[in-house]
Amino acid sequence: MSTSLFRPFERFDFSEKVCFMTGLEADRQIQLFPEWMVNTFNLKDQALKMLDEHILTYPDIKIPVSEFAYQEIEKLEQEVSLALNTGYAAVKALDDLRLFQWIAKQVYGMIHYEVRAGIRQQRSTGEALNFSQGLMQKFGNLHLMLQSLLNPMEFEGVLPWKIMVFPVDNPPETFSYRDEINTLVFSLKMKDFGLIACLQDNGENAAYHHAVLSTVSDHTLQPIQFEEICARFFYSAYIFNRLPEYSLLSTGDMYYIDGMPLRISSRPLFDNWQVKTYGQVLENFWKPWGFVLFEIIKDPENPLSFILDDQGKFIKSPSVPLRLG
């Protein structure tokens, strides 16, 4: 079975009675954060701060699904969770589309929940819901691509997303989950790996960081090194100044998605890298180790790094104050 493509942002169709993926009648509400994740990492009572400042726990975040979508999500969850709980080699070997679908389900599920909360708040205050056209386009495109889980879909040319998996020497109890819905960047650190996903940049952030990615290639990272790479990607996604567009073609039994060229003007794809702003991002990612902005950008020309030494070579055994994940 497949469904016609659902476009919730055309009419802001975010009712709790409507499946977040298909637009069909919702048969149930499911936890966005799967039970295996909540149970394995003791997330039941851990707090999450939402965009409207409400504090919730991981199991509180639920999304409406139809029976058809539920069955496909369950299949995806079983396949991806097996790899995630096995470790680096299994995640690295996982089909890239399946991993994208799982990450996109997590990120778009959070977007769906936040939009529903915004609509409820708007109705209670009588104020208009302020939603930029750019964000609606990005979120709509992500939702469109997520529907590859339910419909036959091929991505032609350059993939809209890029997922990078790194071996990381994590402590056994490590679990770190981040998503930035405005820039559609995601990271996950657990077991013996860390992954970073840019969900809608046509691979440009990875190209921007080609030098550092080449440097760390074939090395197992320490947790502080992985967090530094995360900071670089989360910040570069912020200064990425294009709004990717995609064409959709249907032949009746297949959907084809093709990315439009990003380099159609002489303007660089990224705004200028501001060391202080990057340092603030890195300070946040390095909170477990206690580094403050002053230490990070003491030399503005050479911000503190645990990946690269003064000669630009990989630091195999970085000396850090604490070995925390």
Checklist entry - In sequence order, what are the phi-derived ³J(HN,Hα) couplings for region 306-314 according to the Karplus relation 6.51 cos²θ - 1.76 cosθ + 1.60 with θ = phi - 60°, rounded to whole Hz, with x for glycine and proline? => result 10, 9, 10, 8, 4, 9, x, 9, 5
Checklist outcome for this item: Given a Förster distance of 35 Å, the FRET efficiency implied by the Cβ-Cβ spacing of Gln46 and Asp271, rounded to the nearest 0.05, works out to 0.50
Next on the checklist: Across the chain, what fraction of all alpha-carbon pairs, as a whole percent, falls in each successive 10 Å bin from zero upward?
Outcome noted: 5, 24, 34, 26, 10, 1
Checklist outcome for this item: Given a 1.4 Å probe, the accessible area of region 1-59 per residue, as a whole number of Å², is 63
Item to check | Percentage relative contact order, region 151-257, counting C-alpha pairs under 8 Å, at least six apart | outcome: 33
Checklist entry - By how many degrees, 0 to 90 and rounded to 10, does the Cα axis of helix 275-285 deviate from the longest principal axis of the chain? => result 70
Next on the checklist: For a 31 Å ceiling on Cα separation, which of these pairs sit above it: Lys92/Lys316; Lys287/Lys313; Lys17/Lys287; Lys44/Lys75; Lys105/Lys287?
Outcome noted: Lys17/Lys287
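What percent does the relative contact order of region 97-203 come to when contacts are Cα pairs within less than 8 Å and at least six residues apart?
Values: 124 pairs, mean separation 29.4, N = 107.
RCO, region 97-203: 27 percent.
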Item to check | Simple spin-label estimate for Phe294 and Lys17 in nanometres, 7 Å along Cα-Cβ | outcome: 5.9
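Report the relative contact order of the chain, percent, no decimals, based on alpha-carbon pairs under 8 angstrom and at least 6 residues apart.
Normalised by residue count, the contact order of the chain is 14 percent.
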Checklist outcome for this item: In degrees, nearest 10, the alpha-carbon axis of helix 96-125 is tilted away from the dominant principal axis of the alpha carbons of the chain by 70
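Tell me the per residue accessible area of region 246-303 using a 1.4 Å probe; a whole number in Å² is fine.
On the way: 3830 Å² over 58 residues.
With the other protein chains kept in place, region 246-303 gives 66 Å² per residue.
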Checklist outcome for this item: A chain fully extended from Glu35 to Val158 at 0.36 nm per residue, minus the present Cα-Cα distance, gains in nm 40.9 nm
Next on the checklist: So if each residue of separation counts as 0.36 nm, and I subtract the Cα-Cα distance between Leu24 and His219, what length gain in nm does that give?
Outcome noted: 65.6 nm
Checklist entry - What residue among Gly252, Gly194, Gly140 has the largest mean-square fluctuation in a Gaussian network model of the chain, using Cα springs under 10 Å? => result Gly252
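Leaving out ligands, DNA and RNA, and with a 1.4 Å probe, what % of the accessible surface on the chain is carbon or sulfur? It would help to have the intermediate numbers written out before the result.
Details: 7740 of 15920 Å².
Its accessible area is 49 percent carbon and sulfur atoms.
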Checklist entry - How many Å² of accessible area per residue for region 62-150, probe 1.4 Å? => result 40
Item to check | Fully extended contour minus Cα-Cα distance, from Arg7 to Lys316, at 0.36 nm per residue | outcome: 106.5 nm
Item to check | For the chain, built as a Gaussian network whose Cα springs stay under 10 Å, the top-fluctuating residue of Pro261, Pro64, Pro223 | outcome: Pro261
Next on the checklist: Given a Förster distance of 41 Å, report the FRET efficiency between Leu249 and Lys92 from their Cβ-Cβ distance, rounded to the nearest 0.05.
Outcome noted: 0.80
Next on the checklist: Which of Ala47, Ala117, Ala197 ends up with the largest GNM mean-square fluctuation for the chain, with Cα atoms connected below 10 Å?
Outcome noted: Ala47
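Hey, got a sec? Which trypsin sites (Lys or Arg not before Pro) in region 2-81 land in a DSSP loop and have at most 15 other Cβ atoms within 10 Å? Each step should come with its number before you reach the end.
Numbers: sites: Arg11, Lys17, Arg28, Lys44, Lys49, Lys62, Lys75; in loops: Lys17, Lys44.
When the trypsin sites (Lys or Arg not before Pro) of region 2-81 are filtered for loop state and at most 15 Cβ neighbours within 10 Å, Lys17, Lys44 remain.
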Checklist outcome for this item: One finds the C-alpha centres of region 110-148 and region 289-304 to be spaced, in Å, by 37
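The values are calculated or read from the model by the stated rules, or taken from the named source; none is laboratory data. Computed from a prediction, not measured in an experiment: that's the story for all the values here. Quick reminder, even Gly has a Cβ in these numbers, built from the backbone with ideal geometry, and neighbours come from all protein chains shown. Remember, those area values only see protein heavy atoms, side chains included, never the ligands or the DNA or RNA. Shrake-Rupley method; radii C 1.70, N 1.55, O 1.52, S 1.80 Å.
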